[in-house]
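Everything below concerns the one structure shown next.
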Amino acid sequence: QLAYYALVRLSDIFIGSAESQAVLVSGAMKCVEALDAARKLLLEIKGGGVLGATSMSALFALLQSWVLGARLALVAGARMVGDFSEDREAVFERVLAVVRSWLESPGLQPVHPWISRSLRAVVELAAKVEKRGGAVSQADTTGDLFLLTYV
């Protein structure tokens, strides 16, 4: 939670630098890829029923971090302008594809309520950002942080 908040603040500090946002996005996209890999692995090993793996504290902590990383990718990605505009669209498409694959995968349902809530919040954040043409406020990025990290 603190790391996410700090990285969002760093994004705020360098709001005018598309290059700096691209560096943040590059790191955050590793979380998105990890989230996707975890989904694929859990689908492979799942034998049916409730996804009990999310009750394991280590996996749960990783999922929490990766979802916050996906949010950071959206925030910093929204601030990529100019020469990075095409990359911005690719970031949004990839983040939303991974998040939706978690939400829509019948093999992973039902997931822990926190995971479901935080993934839906990523989709809602993306919708707000798109509606505003890429503008992201501090309230958008951290206003629901407590709800997203409270299990």
So Val91 fits all but one of (1) at pLDDT 90 or above; (2) touching a Phe, Trp or Tyr at 6+ places or on another chain (Cβ under 6 Å); (3) open to solvent by less than 30 Å² (accessible area, probe 1.4 Å); what number is the exception?
(2)
Any residue in the range 122-142 that's on the phi > 0 side of the Ramachandran plot: show its pairings with residues that are open to solvent by 50 Å² or more (accessible area, probe 1.4 Å) and in a helix (DSSP H, G or I) at Cβ separation under 6 Å, as long as the two are six or more apart or on different chains.
none
Could you give me the residue pairs with C-beta distances under 9 Å whose first residue belongs to the range 23-39 and is of a type in the set (Asp, Glu), whose second residue is in a helix (DSSP H, G or I) and open to solvent by 60 Å² or more (accessible area, probe 1.4 Å) wherever it lies, and which are 6+ apart or on separate chains?
Glu33/Arg94; Asp36/Arg94
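Any chance the range 34-46 includes a residue that's assigned to a helix (DSSP H, G or I), open to solvent by 70 Å² or more (accessible area, probe 1.4 Å), of a type in the set (A, V, I, L, M) and modelled with pLDDT under 90? Outline the logic, then answer.
Here is the first cut: in the range 34-46, the ones assigned to a helix (DSSP H, G or I) are 34-45.
Then keep just the ones that are open to solvent by 70 Å² or more (accessible area, probe 1.4 Å); that gives 40-41, 44-45.
Remaining after also requiring of a type in the set (A, V, I, L, M): 41, 45.
Cutting the leftovers down to modelled with pLDDT under 90 gives us 41, 45.
Yes, the range 34-46 contains a residue that is assigned to a helix (DSSP H, G or I), open to solvent by 70 Å² or more (accessible area, probe 1.4 Å), of a type in the set (A, V, I, L, M) and modelled with pLDDT under 90.
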Any idea which of (1) surrounded by 12 or more Cβ atoms within 10 Å (Cβ to Cβ); (2) modelled with pLDDT under 85; (3) more than 15 Å from Met80 (Cα to Cα) is the one Pro106 doesn't satisfy?
(1)
Of the residues that sit in the range 13-22 and are surrounded by 15 or more Cβ atoms within 10 Å (Cβ to Cβ) and part of a helix (DSSP H, G or I), which one is modelled with the lowest pLDDT?
Ala18
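The values are calculated or read from the model by the stated rules, or taken from the named source; none is laboratory data. Quick caveat: nothing in here was measured; it's all calculated off a predicted structure. Positions of Cβ are generated from backbone atoms using ideal geometry, with glycine treated the same way; all protein chains shown enter the neighbour counts. The protein model used for the area step is the full one, side chains on, heavy atoms only, and it has no ligands, DNA or RNA in it. Shrake-Rupley method; radii C 1.70, N 1.55, O 1.52, S 1.80 Å.
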